[in-house]
Each structure stands twice: as structure tokens, then as C-alpha cells.
């Protein structure tokens, strides 16, 4: 015990212990994985019974997107989890023990970010892959399937998991900024779902060029196989914009955690 | 060792802690006493760097708490009851805190054993009673084997056996040479455990003295006397400079006088006495005297009322 001191690595370890030791957290992670796989397979089965009839419909049919439908709903599970990882500590008062143990504070935020991202990625990337494979094997009944090697497909699968990681981190940042579960969840889903609707009220040209820079728009660019150049960023552009959002949100959260009384 | 110098904390327009200075020494139990809302918890949060002071400093073992490389080794704290996630077990709550600075699992098991939670440590802490939650808080405070222990109202929610255990624990920690700083709004509790008290009210320092001195001060006596002619007796005593007050049952109370002084005055005037007794002020009275002007929300005085 002579070498006792706070290190970033040990704080990450501690935050991982917290994530894995609350049953509700584990359940929401498993729910996310189950949604990704289950819903993807289910939607693929539905589309097999209603295959595209016209050549245009067939050309527009995106088998990858069909099999990854579940990832869009997993956004809720992962987003709420991200918020709760911070706000549950404020709601229960655990935060004071945590910050007394790590009085420099910022290692706690980074520790939570790493533990949450790693858990999300480790669970959601295989889930997305399984959803894709299951979905394609279902779609193959009508020869609607594609392969991982096709252009953009592998990136879209990995991108779906990456988008979930980004949503979790945004939730974490909103939770740390607002310190309230209700406010954090409201703000996160407001940004992800209400903002695009509000932007839709802008004149058409403006709406398109603004919407693609929103977190949801950047996520769409990252997760679709062939982003529409007119209304969406390139996949790399989407990744960069999304990363910027996460970085700014976490920086604000860090500033607030550092300077506000606990 | 805790050194507080000119510590001030303002929340909006309210001064929660007002230019507080005191030192808490190792090797004894120091009580931190004050009415509810006096600023005790805020002061403790300031010492631990959880809140930033408006001005002034608080040092723990010679440095601001946040600047220690192994903070849990320097100070362990119980700040409020039930500050743990209800879905997590006591074991994992402690393990996560321990892991922040490389404290081993054996130490986690040891503190669980020490506070008597071994049987329930793996169960959801949400099912804990107030007393069990308090024990988990104590375990958290002891986790890093700290040189300074800071406990906010530690006996809250403990049963009689728990309170006795707590007294023993505090005495042991002090005997091991640690700095032990314990808040309470109950003087009687601290009188049994602490050797020194720091009394605050409305965020200000009211007293900083050995418990023995406080008790000696509280021993200042008064006289209670009943007479068939209380008004005449009161007049006589006042003429001799006594402070006389009337008790609800008609008896007279004379602060600072002895029965030896009151008796002859009555005899000289030929007044019949029905009762003449020495009155020992209690510790509680001493505390109330000290904090009288510093209580924010005092209930209207009622006979026998206590809060």
C-alpha cells in the first residue's frame, strides 16, 4: 500500500467496476444488443415478404440498412445509459465519495468515458455484425442480400457501432453538464431527434445544408452505405463532425465538473 | 491535522461559512458542534475540496486535500447517509473507490468486516436500513486507512448498540494517533466521545475549547427557591444585585448565586421558604447559551420543549 496513488488507469478500472456492478446498467446494455440483432432480423423477415417490385425500388433497396434497423432503436438504450452513468451518482450522492477519492475530478470523467465507450463497442460491434449476417441470410431468400465486402458495407456496420459509442458519450457529457437524469435525457434526445425536425422548418436548401451537420446527420453519413452527396456528408466527414461534437460536449462537461461545487 | 484559516463560503446571498479559523489536532477526538444549518456540513465539504471556498484555506495534513497524490490515505470521510447507488452492493461500492488508488480487495474485505457488514456486503445496498447505510459510510471513510477521519453526524440512524460501537471506534482511531473530526448537533453525544469541541453557529466560530472546560463552564450554578411571598423575596434579591427569573411554577431562579447566599436574605426578612435548591446547569443549557444568538430557526420557547 506504499504505492497508493490515483492514476488514470486505476480510475478507468474503478469506473468499469461501477458499470458492471449495477444490474440495471447491464440490462440496458443487453437490451441494446438484443434490439440490434432482434429488430434487424425481424425487419429483414418483413422485407422478404414484401420485396421491392419495380427496378427503381430494387435499386433504392438497401439491405445493409434493413439489417441494421435495430441500431437506431439501440440509440435510446445507449443514450440513456450514458446519461445515467453520471447522473445516477449525483442523484444518489455517490459523486461525493467519488470526487473525495479522485479530487482532481477530471480522471473520473475520462474514466467514465473510456469504460462506457469500451463496453458499448465490445457489445454493439459484434451485435451489429451478427444483425448484418442474420439479416442478409434472411434477405437471401429473395436474393436481396449483400456482402460485407461490398463497397461501403463493412464501414456502415462498424459505423453503426461507432455512432452508438458517440451517442453514449454525448449522453455522458449532457449528464455531467446538467447533473439531472431527466434534463440529461431530454437534452440528448432533443438534440438527436427534435433538432432535425426544427431544422426542417428552414427553407429547403438551408435545411439540407444545416441538417447534415447536426449530430444525427453526421451519424447518418457514417452509417449509410452510399451517403447521398446532396444531403449528406461523406462518411469521413460524418465521422469528423461527430467526433467534434463529442469532443466539445466532453470539454464543456469537464470544465463544469472541474469548476462547480459537487 | 486539519487547519482552517479564514474559511468563507457564500451561496448567493447567504453566508454559509463566515471567516472560520480553527485547528483539529491528531490523537484526540474533536467534536464539531452547532445547531442544524450552522454550516458544519458545508465546512466539511470545503475541507475535502468538494466545494470551493469563497475565500480562505483548508489544509489536510499540511496541504489542500485535492493536492495529495493518495487522497484516501490522507483523509476518509462520511459526509451524508446513503451516498451510494441502491442497485450496487456494498462490496462493489467500496471496491470501485478502492481501485481509484490501488487499494487491494483484502482491505475492502477488512473494512466490511470492521463495520459489521460482512453478512450483507454482496446484497443490493438499496435494501440497507439507515444504520447499515451509515456503517457502509464509515467503511468508506476507513477504506484508505487515513490519517484524518471526517465524519458528519455519524451516529444518525444507529441503534444503541451501534452508537456504543461508534464511540469505541472513534476512541480507537484517536488512540492510533489519527485526527478525528466528528460533527453533531447533540452536545450530549459529543461530550461522551470528544476531548475537544469546536462550536459554530450561523457559519461563525462560537467556541473552540476542551470538552472539560465546556463542562466546567456549564457547571455554573444557580438557585431555585420557592416562597410563600415570592414577589417580596424577588425584590429583596434584586436589591442585592441578583438576576431573578420566575419559573412557570412560580419558583424563583437566581443565576450565579448559591443557596448559602439566598437563605440568609430570606431569613433576615422573615420570609417562609418552601424550597431552596441548588440548580446545576446541564451541558445542553451551556450549549444553548453558547448558540442562542446563532440559531437560525428556533422554535418558540415552550416549557420542556426540546428540539
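Across the stretch A:15-32, the qualifying residues are those that are surrounded by fewer than 18 Cβ atoms within 10 Å (Cβ to Cβ) and within 7 Å of chain B (Cβ to nearest Cβ), and the one among them that is nearest to residue B:97 (Cα to Cα) is A:23. Consider the stretch B:89-98 and keep the residues that are crowded, with 24+ Cβ neighbours inside 10 Å and closer than 19 Å to residue A:86 by Cβ. The one that is farthest from the other protein chains (Cβ to nearest Cβ) is B:93. Filtered by the rule that a residue be touching a helix residue (DSSP H, G or I) at 6+ places or on another chain (Cβ under 9 Å), loosely packed, with under 12 Cβ neighbours inside 10 Å and assigned to a loop (DSSP other than H, G, I, E, B), the stretch A:181-205 gives a lone residue, A:201. Residue pairs whose Cβ atoms lie under 6 Å apart, separated by 6 or more positions or on different chains, with the first residue in the stretch B:75-88 and more than 7 Å from every other protein chain (Cβ to nearest Cβ) and modelled with pLDDT of 95 or more and the second surrounded by fewer than 23 Cβ atoms within 10 Å (Cβ to Cβ) and part of a loop (DSSP other than H, G, I, E, B), are B:75/B:146; B:76/B:146. Here residue A:95 fits the description: within 12 Å of another protein chain (Cβ to nearest Cβ) and in contact with a helix residue (DSSP H, G or I) (Cβ under 6 Å, 6 or more places away or on another chain). Scanning the stretch A:3-14 for residues that are within 7 Å of another protein chain (Cβ to nearest Cβ) and either surrounded by fewer than 19 Cβ atoms within 10 Å (Cβ to Cβ) or farther than 15 Å from residue A:103 by Cα (or both) gives A:3, A:5, A:13. For the stretch B:107-137, a residue qualifies if it is part of a helix (DSSP H, G or I) and farther than 21 Å from residue A:21 by Cα, and the qualifying residues are B:114, B:130, B:131. Taken over the stretch B:175-203, the residue count meeting the criterion of being crowded, with 22+ Cβ neighbours inside 10 Å and assigned to a helix (DSSP H, G or I) is 3.
If you go through the stretch A:58-74 and keep only what is surrounded by fewer than 21 Cβ atoms within 10 Å (Cβ to Cβ) and more than 18 Å from residue A:216 (Cα to Cα), you end up with A:58, A:59, A:60, A:61, A:62.
Among all residues of the stretch B:172-181, there is none that is closer than 26 Å to residue B:290 by Cα, in contact with a helix residue (DSSP H, G or I) (Cβ under 6 Å, 6 or more places away or on another chain) and at pLDDT below 95. The single condition among (1) assigned to a helix (DSSP H, G or I); (2) under 26 Å from residue B:155 (Cβ atoms); (3) free of Cβ contacts under 8 Å to residues at least 24 places away in the same chain that residue B:98 does not satisfy is (3). Here's a check for you: in the stretch B:1-45, which residue that is free of Cβ contacts under 8 Å to residues at least 24 places away in the same chain and more than 16 Å from the chain's Cα centre (by Cα) is surrounded by the most Cβ atoms within 10 Å (Cβ to Cβ)? Checked the stretch B:1-45; the qualifying residue surrounded by the most Cβ atoms within 10 Å (Cβ to Cβ) is B:11.
Residues checked against (1) in contact with a helix residue (DSSP H, G or I) (Cβ under 8 Å, 6 or more places away or on another chain); (2) outside any helix (DSSP H, G or I); (3) buried (at least 24 other Cβ atoms within 10 Å of the Cβ):
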| residue | (1), (2), (3) |
| --- | --- |
| A:131 | yes, no, yes |
| A:134 | yes, no, no |
| A:140 | no, no, no |
| A:146 | yes, yes, no |
| A:160 | yes, no, yes |
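Here residue B:147 does not qualify as at pLDDT 95 or above, within 10 Å of chain A (Cβ to nearest Cβ), surrounded by fewer than 24 Cβ atoms within 10 Å (Cβ to Cβ) and within 28 Å of residue B:65 (Cα to Cα). In the set (1) under 12 Å from residue A:159 (Cβ atoms); (2) surrounded by fewer than 20 Cβ atoms within 10 Å (Cβ to Cβ), residue A:242 fails one condition alone, (2). Listed by position, the helices (runs of 4 or more DSSP H) inside the stretch A:3-112 whose residues that are touching a strand residue (DSSP E or B) at 6+ places or on another chain (Cβ under 9 Å) number at least 3 are A:94-101.
Could you look through the stretch A:242-262, keep only residues that are part of a helix (DSSP H, G or I) and without any contact (Cβ under 8 Å) to a residue 40 or more places away in the chain, and pick out the one that is nearest to the other protein chains (Cβ to nearest Cβ)? Only one residue tops the list, namely A:259. Can we say residue A:169 is surrounded by 21 or more Cβ atoms within 10 Å (Cβ to Cβ) and modelled with pLDDT of 95 or more? Yes; evaluated as a whole, the condition is true for this residue.
The values are calculated or read from the model by the stated rules, or taken from the named source; none is laboratory data. Here the structure is a predicted model, which is why all the values come from computation and not from measurement. Backbone-built Cβ (ideal geometry, glycine too); neighbour counts: all protein chains shown.
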